[in-house]
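S.K.: Mind having a look at this structure? Questions to follow.
The values are calculated or read from the model by the stated rules, or taken from the named source; none is laboratory data. Only a predicted model underlies this, so the values are computations on that prediction, with no experimental measurement involved. All Cβ positions, glycine included, derive from the backbone under ideal geometry; neighbour counts span all protein chains shown. Protein only, heavy atoms only, side chains kept; ligands, DNA and RNA dropped before computing areas. Shrake-Rupley method; radii C 1.70, N 1.55, O 1.52, S 1.80 Å.
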Amino acid sequence: MKFAVQVDDLRKVYRLKGETVHALRGVSFDVPEGDYVAIMGTSGSGKSTLLNLLGCLDRPSQGKILLGGYDTGSLSDDELSQMRAARVGIIFQAYNLIQQLTVLENIEVPLYYRGKVTPEDRRRCKELALMVGLKGRLDHRPMQLSGGQQQRVAVARSLINNPDYILADEPTGNLDSRTTEEILALFERLNNEGRTIIIVTHEDDVSEHARRVMRMSDGEIASDYQIENRRSALATAAS
Ligand code: ADP
Ligand code: MG
């Protein structure tokens, strides 16, 4: 079996004004390629800390992270950034789009880490924008789009480097229930095509669509189980 992510005894300690916070207290798990994991847990349980580490946005205090079999611990900061750009697609609750750029230009942004943007890249940006349902919006700026449309841009942007897996931190936290279903239908389609998805959420409506639920509590994994009868957002969208 091939693994998108392997994590062993991951610990993260924050020190802030003389105070020490143990945000992760020894977390171990594997995510096989093609899995769809929902990470749940109360506020402050360490979900975002874990996601930031899996996204190479931060380094652990202790423990091992393997991405696609590569040990990230031995990488320099530059190499870690390159690993992120090449292997990980990241989606945030607040979309994090650049306001001055159009839809197409926002989708291009991760390519800048790699150097020059080619005409072939531009063609793929457009293809992705259409795939996520942004027809007729390619030259709009984020302010001219609804929240759901902005999150579609973020999904397309996360895919432009053809990542090994997608990380999403509360991606539907700002969306109404209908738009949430539409974004989840998009994730489901990507997962059906073989993409690995790891999504942080506190909504049962969202986690029910995953193949597997990991619950965190106080910096540890409290439970980790497969979902037997997961809900299909594609089925809902079609009806
Ligand atoms: P969650 O996403 O589950 O709400 P977080 O991972 O954001 O939890 O936070 C876990 C714990 O670590 C919390 O107690 C939080 O206050 C603390 N924490 C998170 N980020 C930082 C930071 N940059 N500096 C200090 N403490 C932090
Ligand atoms: Mg969080």
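S.K.: In region 44-73, what residues are in contact with an Asp or Glu (Cβ under 7 Å, 6 or more places away or on another chain) and near ligand 2 (Cβ under 10 Å from one of its atoms)?
M.R.: Of everything in region 44-73, those that are in contact with an Asp or Glu (Cβ under 7 Å, 6 or more places away or on another chain) and near ligand 2 (Cβ under 10 Å from one of its atoms) turn out to be 45, 48, 51, 52.
S.K.: I've got another one for you. Given the condition crowded, with 21+ Cβ neighbours inside 10 Å, of a type in the set (Asp, Glu) and in a strand (DSSP E or B), answer yes or no: does some residue in region 175-188 qualify?
M.R.: No, region 175-188 contains no residue that is crowded, with 21+ Cβ neighbours inside 10 Å, of a type in the set (Asp, Glu) and in a strand (DSSP E or B).
S.K.: Residue 80: surrounded by fewer than 20 Cβ atoms within 10 Å (Cβ to Cβ), under 29 Å from residue 156 (Cβ atoms) and over 14 Å from the mean Cα position of the chain (by Cα), yes or no?
M.R.: yes
S.K.: Out of all the residues in region 1-51, which are modelled with pLDDT of 95 or more and among the acidic types (Asp, Glu)?
M.R.: Scanning region 1-51 gives 8, 9, 30, 33, 35.
S.K.: If you check residue 98 against the conditions, is it open to solvent by 60 Å² or more (accessible area, probe 1.4 Å) and either touching a Cys at 6+ places or on another chain (Cβ under 6 Å) or assigned to a loop (DSSP other than H, G, I, E, B) (or both)?
M.R.: Against the criterion (open to solvent by 60 Å² or more (accessible area, probe 1.4 Å) and either touching a Cys at 6+ places or on another chain (Cβ under 6 Å) or assigned to a loop (DSSP other than H, G, I, E, B) (or both)), residue 98 qualifies.
S.K.: Among the residues of region 110-123, is any open to solvent by 30 Å² or more (accessible area, probe 1.4 Å), part of a loop (DSSP other than H, G, I, E, B), hydroxyl-bearing (Ser, Thr, Tyr) and out of contact with any Cys (no Cβ under 8 Å at 6 or more places or on another chain)?
M.R.: yes
S.K.: Of all residues in region 33-62, how many are open to solvent by 30 Å² or more (accessible area, probe 1.4 Å) and more than 15 Å from ligand 1 (Cβ to nearest atom)?
M.R.: Qualifying residue count, region 33-62: 2.
S.K.: Ok, one more. Would you mind telling me which numbered condition in (1) under 18 Å from residue 107 (Cβ atoms); (2) open to solvent by less than 10 Å² (accessible area, probe 1.4 Å); (3) modelled with pLDDT of 95 or more residue 144 fails?
M.R.: (2)
S.K.: What's the number of the only condition in (1) away from ligand 2 (no atom under 16 Å from the Cβ); (2) within 24 Å of residue 231 (Cβ to Cβ) that residue 41 fails to meet?
M.R.: Exception for residue 41: condition (1).
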